[in-house]
Amino acid sequence: MKKESIMIGVIGLLVGVVLTGFTAGQAVNNNNSGMMRMMGMDTSKNEKSVATDHGTMSMADMNKQLEGLSGDDFDKAFIEMMIAHHEGAVSMAELVPSRAKHDEVKKLGEAVIAAQTKEIADMKQWQKDWGYSSNEMMDMMHGSN
């Protein structure tokens, strides 16, 4: 019974993360600035400008940036974008305690913060261990290399 409860919790967490990502992606891709502001996203930039910050890139934009990359170039780009993605999820989850009604959502928010904060720390350590600098990665992603 305990394993079943844990499995249901993990599945719930994964479904929540997927739904959050999908909702955020839809808001960005459809330029729904009201939804984006509600989710804590910065909409102050010119809407016609090309995203120059991974925090404002849609999932499709991120996937496009990864096309054709492999080895260290892929790892650098993937980690940089995943850090930004996870930081966004943590920011959203930090709204949960003061705004959520249901205990399930509150538990999900806590789980997202715990899991993704750890993953952010792991990825930042990998960047340091492997000599990946953010400035080098940003240059590579935006063609300044």
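Sparsely packed loop sites in region 74-114 (the trypsin sites (Lys or Arg not before Pro) outside DSSP H, G, I, E and B with at most 16 other Cβ atoms within 10 Å) comprise K101. Extending 7 Å from the Cα toward the beta-carbon at both S91 and K106 defines two label points whose distance is 2.6 nm.
The residues neighbouring L66, those whose beta-carbon lies less than 12 Å from its own, together hold a net charge of -3 under the Lys/Arg +1, Asp/Glu -1 convention. Exceedance of the 29 Å cut-off in Cα-Cα distance is limited, within the set K107/K128; K2/K101; K2/K124; K64/K107, to K107/K128; K2/K124; K64/K107. Phi angles of region 64-72 translate, via the Karplus equation with coefficients 6.51, -1.76, 1.60 and θ = phi - 60°, into HN-Hα couplings of 4, 5, 7, 4, x, 8, 8, x, 4 Hz per residue; Gly and Pro are given as x.
Bear in mind these aren't lab numbers, they're just calculated from the coordinates by the rules spelled out. Note that the structure is a prediction, hence the values are computed from the model and not measured. Counting neighbours? That spans all protein chains shown, and the Cβs are built from the backbone with ideal geometry, glycine included.
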